[in-house]
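Data block below; observations after.
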Amino acid sequence: MLTSAKIPQRPHLLKIVQPASRSFIVKGDAIAWNNPWHFHPEIELLYCIQGRGTNFVGNHISPIEPGELLLFGKNLPHTRQRDASYYQRHPDEQPETIVVQFVEDFLGDKFFSCRELMPVRLLLDRAQRGIRFSGAARAQAIRHMEALRSLDGVSALITLITLLDGLAQAAPGDYAFLNPESYIAEVNSQDAQKISRIFAYTAEHYQEHIPLATVAALAHLSIHAFCRYFKARTRKSYTQYLAEVRITRACEALMEGDKDIKEVCFLSGFNNLSNFHKWFRRITGLTPAAYRTRALAKTPAGIAPPQA
């Protein structure tokens, strides 16, 4: 049975401890998994060496894929939830990541505003939408991230700047935005609490029929008011959002390769194959069979929800 990732009621400000030995952070362990729904002022570059689960980044949802490289801008809410059932079946395979974090002014207020580094400045601004990299840009960045684990001093700093410059120069086909617009954390707001309750309920009950009246009640709104409220704050209808959650779960099951497509359809909450295929192609651009072929060949595919 597919697991559900639960998001807390509000994004949590995560305090990141700066190491005494350097001005930015490089770490590689399970710390990047199962954190609360959180944000932080540090820009984050994350390379998933291996792991299974679900990405929640702003309004974006996608299956975590081994080899993926993601860039999160400052204060962009995110969490990465492990698929507990997968690791129960594969106890010898544990998640592994490399994470690089830094505040944008760690080299001074105007460092990234100089003419030579203006492409990096623009990259950091675009990262407010969340970015997934692929192709040559991804391969080059991964080499630099692996090198950073054993570097220090000026060599580490030069490698980081070179890494960011390479991503800033990425060809249009080598990156994709996770959100259609910049997403900034809402702190201690009623809206954040309402939306997070809806996210959490959907993640827990996606396999069931979810009437609009049920989720509207979570926000203490009528159905009509809820539909307008949800669309205004997430830039998508609740029907679209629920379909994205279900297709994400379907992608996780397809990547495992041990269930037939009909079984995946019903496990992910769809009540008929026709509707499942329609939503799957609309959200991923692929048929379920084509997605499975690509996933099993270890070619990153991911979900890129259509822009509202």
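Values quoted throughout were computed directly from the atomic coordinates according to the rules given, and no laboratory measurement underlies them. Predicted model, so just to flag it, every value in this text is computed and none were measured. All Cβ positions, even for glycine, are placed from backbone atoms using ideal geometry, and neighbour counts span all protein chains on display.
Observations on the structure shown:
- Each other residue within a Cβ distance under 14 Å of F24 adds +1 if Lys or Arg and -1 if Asp or Glu, for a net charge of -1.
- With a cut-off of 12 Å between beta carbons, the residues surrounding H220 carry a summed charge of +2, where Lys and Arg count +1 and Asp and Glu -1.
- Loop sites in region 205-285: GluC sites (Glu not before Pro), DSSP, at most 13 other Cβ within 10 Å: E208
- Within region 40-144, the GluC sites (Glu not before Pro) that combine a DSSP coil assignment with at most 16 other C-beta atoms in a 10 angstrom radius are E93.
- Point-charge dipole on Cβ atoms (K/R +1, D/E -1) for region 254-295, about Cα centre, debye to 20: 260 debye
- One chain, two ends: T214 and E181. Fully extended at 0.36 nm per residue, the span grows by 9.0 nm beyond their Cα-Cα distance.
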